[in-house]
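The block underneath contains the structure these notes are about, expressed in structure tokens.
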Amino acid sequence: MLELSNIYKTFNKGTIDEKVLFSDFSLTIENGEFVGVIGSNGSGKTTMLNIISGDMPIDGGNVTLDGTPLNGMKNFKRARKIGRVFQNPSMGTCPSMTIWENMSIADNKGKIYGLSFGLNKRRRDFYCSQLELLGMGLENRLSTQAGSLSGGQRQALALIMATMIRPDLLLLDEHTAALDPKSSDTVMTLTEKIVREKKITTLMVTHNLRYAVEYGSRAIMMHDGNVIMDVKGEEKKNKSINDYLKVFNEISIECGN
């Protein structure tokens with residue numbers, strides 16, 4: 001279970017540009033939930049992910065994962081528990097290294113490196129079995145540099161790398177936004193398959209309302225650092241894109257947009 005309790009976060013504190021984003025913000029994500037997070041720019045979606053991953057400090061409050069406090073824990077230590085896929089496909093892989101080398105690095109996340117070869121040939125079949133899940137033929141291209149792959153292929157590879165050693169929590173930060181529509185749909189199908197089969201608790205930030213409607217077990221809408229809509233189960237299944245748009249448009253009118 002992921003718990004954010006009484007989170008406070010202010011940007012540019014003490015200046016004329018001071019912005020209070022989170023004020024006594026709390027959110028609980030149950031184990032196994034696949035949560036789509038939507039909202040306008042500046043609503044706090046990505047900031048929330050950065051707080052969870054340790055990439056951004058908080059002014060107050062607590063973050064715990066399965067009862068373990070994450071406050072004060074270095075983000076590289078959090079990375080042993082948390083997988084993350086970013087919007088930019090190039091951020092999840094090393095372009096100058098081969099697919100095999102990239103997967104070996106992901107396979108050794110959190111482990112102590114000794115005086116041994118970086119490539120574990122005994123794990124080759126396992127890597128191939130993971131790549132076969134993508135249906136892109138990458139299992140036959142282990143010696144290909146990641147930088148030569150298409151954006152969709154790299155993002156799919158980054159997804160496999162982030163979940164190869166099952167994380168306690170998966171953070172997806174607009175992970176289809178930089179892809180063309182066909183590649184986006186492919187990556188989303190793979191995302192649902194991997195999350196469902198591995199039963200990974202997942203937070204997915206997206207601007208694509210269709211993805212929030214069609215995928216996941218829960219959807220939340222954020223605005224000004226608050227959750228203004230939270231649906232799950234049958235309630236979520238009965239929501240349409242128009243239902244989300246109605247709430248989103250009401251917010252825009254209130255803000256004068």
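Considering only the stretch 143-161, state which residues are open to solvent by less than 10 Å² (accessible area, probe 1.4 Å) and hydrophobic (A, V, I, L, M, F, W, C).
Ala146, Ala156, Leu157, Ala158, Leu159, Ile160
Is it true that Val20 is within 18 Å of Asp168 (Cα to Cα) and assigned to a strand (DSSP E or B)?
No: the conditions fail for Val20.
Met103 is checked against (1) open to solvent by 80 Å² or more (accessible area, probe 1.4 Å); (2) touching a helix residue (DSSP H, G or I) at 6+ places or on another chain (Cβ under 9 Å); (3) closer than 20 Å to Thr163 by Cα and fails just one. What number does that condition carry?
Every condition holds for Met103 apart from (1).
Within the stretch 20-60, count every residue that is over 21 Å from Lys232 (Cα atoms), surrounded by fewer than 21 Cβ atoms within 10 Å (Cβ to Cβ) and in contact with a Ser or Thr (Cβ under 9 Å, 6 or more places away or on another chain).
5
Using the structure shown, decide if Phe86 is within 26 Å of Ile194 (Cβ to Cβ) and at pLDDT below 85.
No; evaluated as a whole, the condition is false for this residue.
Confirm whether Ile38 is aliphatic (A, V, I, L, M), closer than 18 Å to Val227 by Cβ and in contact with a helix residue (DSSP H, G or I) (Cβ under 6 Å, 6 or more places away or on another chain).
yes
For the stretch 161-184, how many residues are more than 13 Å from the chain's Cα centre (by Cα) and under 28 Å from Met97 (Cβ atoms)?
9
So, in the stretch 142-169, how many residues would count as being in contact with a strand residue (DSSP E or B) (Cβ under 9 Å, 6 or more places away or on another chain) and more than 25 Å from Thr68 (Cβ to Cβ)?
Number satisfying all stated conditions: 7.
Cβ-Cβ under 8 Å, sequence separation 6+ or interchain: first residue in the stretch 3-24 and over 18 Å from Asn50 (Cβ atoms), partner outside any strand (DSSP E or B). Which pairs?
Cβ pairs passing all conditions: Glu18/Asn12.
Which of (1) of a type outside the set (A, V, I, L, M, F, W, C); (2) open to solvent by 50 Å² or more (accessible area, probe 1.4 Å); (3) at pLDDT 90 or above is the odd one out, the single condition Thr98 does not satisfy?
Looking at each condition in turn, Thr98 falls short on (2).
Any idea which of (1) under 20 Å from the mean Cα position of the chain (by Cα); (2) surrounded by 14 or more Cβ atoms within 10 Å (Cβ to Cβ); (3) among the basic types (Lys, Arg) is the one Arg124 doesn't satisfy?
Evaluating Arg124 over (1) under 20 Å from the mean Cα position of the chain (by Cα); (2) surrounded by 14 or more Cβ atoms within 10 Å (Cβ to Cβ); (3) among the basic types (Lys, Arg) leaves (1) as the failure.
The values are calculated or read from the model by the stated rules, or taken from the named source; none is laboratory data. Everything numeric here is computed off the predicted structure, so don't read it as measured data. Cβ: placed from backbone, ideal geometry, glycine included. Neighbour counts: every protein chain shown. Accessible surface is based on the protein model in full, side chains and every heavy atom, while ligands, DNA and RNA are left aside. Shrake-Rupley method; radii C 1.70, N 1.55, O 1.52, S 1.80 Å.
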